[in-house]
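**Student:** The structure that follows is given in the form of structure tokens.
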Amino acid sequence: MKSILINEYNPQKNGWEESVFHTANGYIGVRSCQEGGAQDGVFSVRGTYINGFYDEKDIAYGEKLYGFAETGQTIVNVTDVQTLEITIDGETFSLDKGTVLEYEHELYLDKGFQEKRIMWRSPSGKEAYIIIRRLASLVEKHLFMMSVRVVPNNFSGEVKIKSSVIGDVSNFADPSDPRVAAEEKSYLSVINAEFKDGNTAFIKSKTQRSMLELSCAVRHRSSTAKEEKHFALGNTLLSEYTYSASPNESITLSKYCVFVDSRRSEDTENSALSILNESFEHPMECFINKQIKYLEDFWSAARVYVDGRKLQRSMDYCLYSLLCSAGQDGITSVCAKGLSGEGYEGHYFWDTEIYIFPFFLLTAPEIAKQLLLYRYNILPKAREHAKIMGHSKGALYAWRSITGIECSAYYPSGSAQYHLTGDVAHAFIQYYLATEDLDFMRDYGAEVLIESARMWLDTGHYMNGEFRIDSVTGPDEYSCIVNNNYYTNCAAKENLLWAYKIVNILKKAGKDEDIKTRLNISEKELHSFKKAADNMYLPYDEELKINPQDDSFLNKKPLNLKEIPKENFPLLLHYHPLWLYRHQVLKQADTVLAHCLFEDSSDRETIKNSFEYYEKITTHDSSLSACAHSILASYLNDTEKALNYMLMSAQTDLEDTHKNTKDGIHTANMGGLYQSVVQGFAGLRIKESGLHLSPRLPKKWDEYAFNLYFKGRKISVKVNKKRVTLTLLEGDAINLYVFDEKIKLKDKEKINL
Ligand code: BGC
């Protein structure tokens, strides 16, 4: 498997390197900052994050109207453990001093760690090879490790390594970009910073408003130091190791860093210290071996083989990053930037359910389940949010949040995106269809479907027999507060229908009693869901033969994107929202995405016309857009176009095409890249009838392949120029649909089509 490798240090790309090479495991994320600190004038965000560890702040408004979100949440930059100062015979190593003779930074996607290899010549001519490794354990989620090896090349003398644990940290801000927090702030206050037992650096901190506690315990292992000192400078704890150095003799130091927070543990201090003691028993190699084993299993289910080395590298990187971003504890989800940066303040959006969840559903259903449990666990908050938004019943998920409260300060493209609730419902439905886990639906899923259906019923209204939904915003944030957004209505329709269906399925299985009493649901109410679904109004334009994005979209002023200067993209940074809302211009796939997810709501001809219409006016200013266009282009058999969109998606972070990877990676796009092959080229859809595939191969490709889990089976899909091969790798015979034709895949059998 390829690694991600760069072989020069470019200060202009420092922020990008920090994000792309971040080290994470779904719990901890550490940006890959230069250990010795950033050079003057170089963009850097020295960040370490714990998924779901947040603080709160008031949202300030000039004019605050009823029901506006009042409290913002932000992921907190926590205790900094990544600082190491290396001094070579009196000269401190830094990339801007002396000469960097060699610089390589490599992330091993199959070994789960990264390594920086630097050959440095000091200003006085002493040369040393410095190798630094970082790992966030995929097995022991609270552990982040670093190791440093210094090998003198041409001198004998003294080497010192000073390692810090810094308690006073603050969050980053960029007031010029709405996608990043506007206010630089220090959210974490140190309660206690001390060395325990002489050599364990221990810092306990608390957030100011959410009152969450974090304990961080750090200890070093170094066999060859001739002297070691541990001392505190305010809230910074320093461990200094001194070595006698000779040419070609390695000096090594490993740093074990454990983080435990009060959302996961009642006694963060003792938990952190005991995890540290336990971890310290094992050398870093042991944790690397565990990573390798863990990743072997992960890749055996998750790897997507594509054609082209560069594309393969992007695909591997994206899927690896998704694994490292996903919360797996039912109280966290996937932040829009994973755990790689502070963009979007560590919030969870619909990105998880629509873009990322499908990947886990097909490759690691247990993780998919945890992501759904997060939504189930915040259902009480969604009920409160529905009330604030004026609903007499039901649940409405907040647009962006950590714990479930609405944190969006701009409701037109925030709270108004009601579709998120339909997206959550869609994920639960897909989970059920792919796993047949009816007990999960009884215990969790049905409640989410029913409560969200209640909200839709309360939001919409009947007019001339049709059920309509007014004043919402669809996925495209360049058209806000519209009536009958096609995407939203499709999502609501599915949600309402399945609230009705799931109770009937549970009833048939004799599992409905509990849910009916718990939610006080009557047959009448169930039928009202079905009626609204059956009569849902889905806009259709007779003249253009397309599904209009919403009731007013086609009446707006046309906009020729070719006439807009290149430097004015993304438009959101250059035009007032009202200007955007008045034009027929899209930030991202909207109806196009609806056609991917709800293809049976329209016929092929309409989908084709819609695609052609919207494609011309879509800016792809959001990274969530290109992949949806790729999937739909595949559906329309235009695999060349699909491949182009897929390449756009593949390049997002590794080539920084949106020019903001410095703020963090784009996780939704990463899930979208996966989908452009699986849902796109292979045409995979999970429907009530079963698993559907319509495999196509781009002309420029020789083949592609992937595995997937479906209803407890493991199935391999291979597509090349001659044939499509489906193999049942695990589990009993199963019926599948290939180009809508039913086939039976039996006992470890291969079927060539
Ligand atoms: C997109 C949203 C997305 C958010 C977080 C915005 O730019 O328009 O659809 O949820 O980014 O990724």
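The values are calculated or read from the model by the stated rules, or taken from the named source; none is laboratory data. Here the structure is a predicted model, which is why all the values come from computation and not from measurement. Because the Cβ atoms are built from the backbone with ideal geometry, glycine has one as well, and the counts that use them run over all protein chains shown. SASA here: full protein model, heavy atoms, side chains in, ligands and nucleic acids out. Shrake-Rupley method; radii C 1.70, N 1.55, O 1.52, S 1.80 Å.
**Student:** Give, to the nearest whole percent, the P(r) tail of region 399-488 beyond 16 angstrom, counting all Cα pairs.
**Tutor:** 61 percent
**Student:** Also: What is the Cα radius of gyration of region 135-176 over 2.2 N^0.38 Å, N being its residue count? The partial results should precede the final answer.
**Tutor:** Values: Rg = 17.4 Å, N = 42, 2.2 N^0.38 = 9.1 Å.
The reported ratio for this selection is 1.92.
**Student:** Kindly write out, for region 619-629 in residue order, the coupling ³J(HN,Hα) from the Karplus curve 6.51 cos²θ - 1.76 cosθ + 1.60 (θ = phi - 60°), rounded to whole Hz, with x marking Gly and Pro.
**Tutor:** 7, 6, 5, 9, 6, 7, 9, 4, 4, 5, 5
**Student:** Separate question: Given 0.36 nm per residue, what is the gain on full extension from residue 410 to residue 659 after removing their alpha carbon distance, in nm?
**Tutor:** Numbers: separation 249, 0.36 × 249 = 89.64 nm, distance 2.35 nm.
Extra length available between residue 410 and residue 659 comes to 87.3 nm.
**Student:** Once the Cα atoms of the chain are picked out, what are the Rg and Dmax in Å?
**Tutor:** 26.7, 89
**Student:** Still on this model: How much solvent-accessible surface does residue 8 expose, in Å² to the nearest 10, with a 1.4 Å probe and all protein chains in place?
**Tutor:** Roughly 120 Å² of residue 8 is accessible to a 1.4 Å probe.
**Student:** Moving on. Note the direction-averaged projected area, equal to a quarter of the hull surface, for the Cα convex hull of region 35-190, in nm².
**Tutor:** 12.8 nm²
**Student:** Counting only other residues whose beta carbon sits under 15 Å from that of residue 567, what net charge do I get with K and R as +1, D and E as -1?
**Tutor:** Value of the local net charge: +1.
**Student:** Specify, per residue and in Å³, the volume enclosed by the convex hull of the alpha carbon atoms belonging to region 542-613.
**Tutor:** Looking at region 542-613, the number lands at 106 Å³ per residue.
**Student:** With a 1.4 Å probe and every protein chain left in place, work out the accessible area per residue of the chain in Å², rounded to a whole number.
**Tutor:** Accessible area per residue: 37 Å².
**Student:** If you find the alpha carbon centre of region 696-753 and of region 509-540, how far apart are they in angstrom?
**Tutor:** 36 Å
**Student:** Quick one: 3J(HN,Hα) in Hz for region 570-582, Karplus 6.51/-1.76/1.60 with θ = phi - 60°, rounded, Gly and Pro as x.
**Tutor:** With coefficients 6.51, -1.76 and 1.60, one gets x, 4, 4, 8, 10, 10, 4, x, 4, 4, 5, 5, 7 Hz.
**Student:** Within region 685-717, which trypsin sites (Lys or Arg not before Pro) sit in a loop by DSSP and count at most 14 neighbouring Cβ atoms inside 10 Å?
**Tutor:** Hits after loop and neighbour filter: 699, 700.
**Student:** Further question: Tell me, what is the FRET efficiency for residue 462 and residue 540 to the nearest 0.05, using R0 = 22 angstrom and their Cβ-Cβ distance as r?
**Tutor:** My answer for the efficiency is 0.75.
**Student:** Tally up the carbon and sulfur contribution to the accessible surface of the chain as a whole percent, 1.4 Å probe, everything protein left in place.
**Tutor:** The C+S portion of the solvent-accessible surface of the chain is 47 percent.
**Student:** Exactly which GluC sites (Glu not before Pro) in region 413-458 are in a DSSP loop and have at most 14 other Cβ atoms within 10 Å? Spell out each step's value before the answer.
**Tutor:** Details: sites: 436, 447, 451; in loops: 436.
Sites meeting the loop and neighbour criteria: 436.
**Student:** OK, next. Remind me, relative contact order of region 85-159 in percent, using alpha carbon pairs under 8 angstrom and six or more residues apart?
**Tutor:** Relative contact order of region 85-159: 28 percent.
**Student:** Positive end of the dipole of the chain, charges at C-beta (+1 Lys, Arg; -1 Asp, Glu), about the Cα centre: which of 241, 404, 173 has its Cα farthest in that direction?
**Tutor:** In the chain, that residue is 404.
**Student:** Here is a further query. Can you list residues from other chains, or at least 5 along the same chain, whose modelled amide H is less than 5 Å from the amide H of residue 586?
**Tutor:** 618, 619
**Student:** While we're here: Can you find, among 232, 349, 259, the residue sitting farthest towards the positive end of the charge dipole of the chain, where Lys and Arg contribute +1 and Asp and Glu -1 at Cβ?
**Tutor:** 349
**Student:** Please list the non-local residues whose amide H lies under 5 Å from the amide H of residue 473, H modeled 1.01 Å from N, same-chain partners needing a gap of 5 or more.
**Tutor:** Residues meeting the criterion, in which the H sits 1.01 Å from N, are 417, 418, 419, 481, 482.
**Student:** Looking at region 277-370, which GluC sites (Glu not before Pro) are in a loop (DSSP not H, G, I, E or B) and have at most 12 other Cβ atoms within 10 Å?
**Tutor:** Working: sites: 278, 281, 285, 296, 342, 345, 353, 366; in loops: 281, 342.
Passing both the DSSP loop test and the Cβ count: 281.
**Student:** Please tell me the relative contact order of region 297-348 in percent, rounded to the nearest whole number, where contacts are Cα pairs under 8 Å and at least six residues apart.
**Tutor:** 21 percent
**Student:** Show me, for region 640-656, the HN-Hα J-couplings you get by feeding each phi into the Karplus relation (A = 6.51, B = -1.76, C = 1.60, θ = phi - 60°), rounded to Hz, glycine and proline as x.
**Tutor:** Listing the rounded values in order: 5, 5, 4, 5, 4, 5, 5, 5, 4, 5, 5, 7, 2, 8, 5, 10, 6 Hz.
**Student:** Still on this structure: Nearest 20 debye, what's the magnitude of the dipole of the chain about its Cα centre given +1 on Lys and Arg Cβ and -1 on Asp and Glu Cβ? Mind dumping the intermediate values first?
**Tutor:** Numbers: 88 positive and 103 negative charges, 308 e Å.
Computed charge dipole of the chain: roughly 1480 debye.
**Student:** Also, quick follow-up: Amide H of residue 552 versus every other amide H placed in the peptide plane: which residues, excluding those fewer than 5 positions away on the same chain, fall under 5 Å?
**Tutor:** For residue 552, the qualifying residues are 483.
**Student:** To check you understand DSSP bridge types, tell me what percent of the beta bridges within region 628-753 (both residues inside) are antiparallel, rounded to 5.
**Tutor:** Among the beta bridges of region 628-753, antiparallel pairing accounts for roughly 90 percent.
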